[in-house]
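For reference, the structure discussed in these notes is given below.
The values are calculated or read from the model by the stated rules, or taken from the named source; none is laboratory data. Not measured: the values here are computed from a predicted model. Just the protein is used for accessible areas: all its heavy atoms, side chains included, with ligands, DNA and RNA removed. Shrake-Rupley method; radii C 1.70, N 1.55, O 1.52, S 1.80 Å.
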Amino acid sequence: IILQHKSSQNKTLHTLAITISNMQSFKNLEKPLSEDKLKCLLKKYDKSGDGKLNKQELKVAFKDLGLWFCGLRAYQAMHHADKNNDGLIVNDEMDVLVEFATKWGFTLV
């Protein structure tokens, strides 16, 4: 964004350039990712096909979905959703995981 101001006293044109690094002005072009779609996407990262997600699979999923600090986010999500502390996200825990993760604002562009 370039802002310009012309001074009336000395007739000098001042220019201020502002860059938008995180594209905040384009948020209206993005569509929020629904919980159902996020759940479907996360299930695709189940490499073994056993219906369970481990922390590494979750980390890769979050990285591919564009999250920063995906290792930390995977840890937080596992800590929140893995109720039996077996290191895996399974059926009913998946709903808790998705509800927790949607607060990070995943979007489709």
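Points worth noting:
- Estimated at the nearest 10 Å², the accessible area of Asp95 is 80 Å² with a 1.4 Å probe.
- Probe 1.4 Å, accessible area per residue of the range 28-108, Å²: 64 Å²
- The range 48-109: C-alpha gyration tensor shape, a/c 1.5 cut-off, then a/b vs b/c: prolate
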